[in-house]
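Have a look at the structure below before the remarks.
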Amino acid sequence: MKRLVKVEEAVGLVLAHDITEVDLERNFKGRAFKKGHVIREEDVEKLKKLGKEHIYVLELSEDEIHEDEAAVMLADALMGENLYRDSQPKEGKVNIYSSVFGLFKVDVEKLIAFNSIGEPSCPTIHSDMYVKPGTKVAAVRIISLVAPRKEVEEAAELVKGGIMKVIPFTEKKAGLIITGNEVYSGRIEDKFYERLKPKLEFFKCQVAKRVILPDDKERIRQKIEEFAQKFDIVILTGGTSVDPDDVTYRALREAGAENFIRGNPIQPGNMLTMGWVKGKPVVAVPAAALFFKATSFDIWLPKLLVGERISKGEVAAKSHGGLCHSCPVCVFPICPFGRP
């Protein structure tokens, strides 16, 4: 139970919660008084400046829970692998962070159910975003200072064992197949390698071998099968459009690709094609990747490198949010582009 006390009569009493201060002149938002602080005479005027004419003195019953205890309980229930939390709540909130460089995953349906219960609140970053050690991925609290214990325990039970985790990136090797008669003949210089190499290396994937082939379906098919045997992922460039010389996607299909997916409702990068050969992901990257900083390839690559197999349903779902905003300064991957 909360008992309301005038600030002037609160000297000597203990604050039941953190009190936040916002000072635009100092560009500050944070804790002015910590939960547990014993109020002094000199604190009264500052509390009034913060708009506090009264404070709460708590007398909790057995069926109630304080925001700090609730935040810790809920955070511990929500967390899965490769995550850690604040050691102590601050302003009733506990943040959750990644402990590794990897791909953040969250069970969105359970997250929505958790946030529909009432008092518990947990916003997260988007699932399938890559994170670095120390990246904040979620924040947990209850809305009120005190909540029904039963309600908080219900939410904790719903997500028990963790509904979020980070899958770490591990060292991988890629085989890169550059296709196109114009490149093979030397008429133009290959530009794909310099574009794709840093993208792969960012996620700990080294280009182990690169070959340049003409638009010869049989030769491309053979090389796909060879590289799928040797490397963790196979990347092809070009040959995904509707021109008669575009045979790359056909070669991939004839290589016996499982879960063959031609095209995706994401722009730029509509014509990206992928499948799995000998259990390895094979991706044909369209020419859009030469021009645009971020395409559909950037959306799927992290998932492929942690071993996920993309379904046709997942590809179709990207139609919602799959249109790039063409921002003057690209902010991928923190923008909603491509996110469910």
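The values are calculated or read from the model by the stated rules, or taken from the named source; none is laboratory data. Since this is a predicted model, take the numbers as computed values, not measurements. A quick note on method: Cβ atoms are made from the backbone with ideal geometry, for glycine too, and the neighbour counts reach across all protein chains shown. Surface areas here come from the heavy atoms of the whole protein model, side chains and all, with no ligands, DNA or RNA. Shrake-Rupley method; radii C 1.70, N 1.55, O 1.52, S 1.80 Å.
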Legend entry - Number of the exception - TYR130 against (1) closer than 23 Å to HIS17 by Cα; (2) in contact (Cβ under 8 Å) with a residue 40 or more places away in the chain; (3) touching a helix residue (DSSP H, G or I) at 6+ places or on another chain (Cβ under 8 Å): (1)
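Look at ARG3 and say whether it is farther than 28 Å from THR124 by Cβ, surrounded by fewer than 16 Cβ atoms within 10 Å (Cβ to Cβ), under 35 Å from the mean Cα position of the chain (by Cα) and free of Cβ contacts under 8 Å to residues at least 60 places away in the same chain. If you could, list the steps in order and put the result at the bottom.
On the way: farther than 28 Å from THR124 by Cβ: yes; surrounded by fewer than 16 Cβ atoms within 10 Å (Cβ to Cβ): yes; under 35 Å from the mean Cα position of the chain (by Cα): no; free of Cβ contacts under 8 Å to residues at least 60 places away in the same chain: yes.
Against the criterion (farther than 28 Å from THR124 by Cβ, surrounded by fewer than 16 Cβ atoms within 10 Å (Cβ to Cβ), under 35 Å from the mean Cα position of the chain (by Cα) and free of Cβ contacts under 8 Å to residues at least 60 places away in the same chain), ARG3 does not qualify.
Which one of LYS172, LYS160, LYS209 is at pLDDT 95 or above and within 21 Å of MET129 (Cα to Cα)?
Working: LYS160 fails: within 21 Å of MET129 (Cα to Cα); LYS209 fails: within 21 Å of MET129 (Cα to Cα).
Result: LYS172 is the single residue among LYS172, LYS160, LYS209 that is at pLDDT 95 or above and within 21 Å of MET129 (Cα to Cα).
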Inset, instruction - Within the stretch 275-305, work out how many residues are of a type outside the set (Gly, Ala, Ser) and within 11 Å of ILE233 (Cα to Cα). - result: 10
Inset, instruction - Could you tell me whether any residue of the stretch 54-65 is in a helix (DSSP H, G or I) and either open to solvent by 50 Å² or more (accessible area, probe 1.4 Å) or among the small types (Gly, Ala, Ser) (or both)? - result: no
Inset, instruction - Filter the stretch 236-252 down to the residues that are open to solvent by 60 Å² or more (accessible area, probe 1.4 Å) and touching a helix residue (DSSP H, G or I) at 6+ places or on another chain (Cβ under 9 Å), then identify the one that is modelled with the highest pLDDT. - result: ARG250
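Hey, could you check the stretch 286-309 for residues that are in contact with a Phe, Trp or Tyr (Cβ under 6 Å, 6 or more places away or on another chain) and modelled with pLDDT under 95 and say which is nearest to GLY180 (Cα to Cα)? Please lay out each step first, then the result.
At the first step, the residues of the stretch 286-309 found to be in contact with a Phe, Trp or Tyr (Cβ under 6 Å, 6 or more places away or on another chain) are 289, 294, 302, 305.
Remaining after also requiring modelled with pLDDT under 95: 289, 294.
Values: ALA289: 15, ALA294: 22 Å.
The residue in question is ALA289.
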Legend entry - Checking PHE291 against (1) crowded, with 19+ Cβ neighbours inside 10 Å; (2) without any contact (Cβ under 8 Å) to a residue 60 or more places away in the chain; (3) of a type in the set (Phe, Trp, Tyr), the condition it does not meet: (1)
Legend entry - Every residue from the stretch 14-53 that is of a type in the set (A, V, I, L, M), open to solvent by less than 50 Å² (accessible area, probe 1.4 Å) and farther than 25 Å from ALA139 by Cα: ILE39, VAL44, LEU47
Legend entry - Among (1) in contact with a strand residue (DSSP E or B) (Cβ under 9 Å, 6 or more places away or on another chain); (2) free of Cβ contacts under 8 Å to residues at least 24 places away in the same chain, the one test that ILE142 misses: (2)
Inset, instruction - Would you check if ILE125 is within 27 Å of VAL22 (Cα to Cα), of a type in the set (Val, Ile, Thr), touching a residue at least 12 places away in the same chain (Cβ under 8 Å) and open to solvent by 70 Å² or more (accessible area, probe 1.4 Å)? - result: no
Inset, instruction - Specify the residue that is surrounded by the most Cβ atoms within 10 Å (Cβ to Cβ); the eligible residues are those in the stretch 111-122 that are more than 16 Å from GLY80 (Cα to Cα) and in contact (Cβ under 8 Å) with a residue 12 or more places away in the chain. - result: PRO120
Legend entry - Residues within the stretch 74-110 that are part of a helix (DSSP H, G or I) and open to solvent by 20 Å² or more (accessible area, probe 1.4 Å), tallied: 4
Legend entry - LYS136 open to solvent by 50 Å² or more (accessible area, probe 1.4 Å), touching a residue at least 12 places away in the same chain (Cβ under 8 Å) and farther than 24 Å from PRO281 by Cα: yes
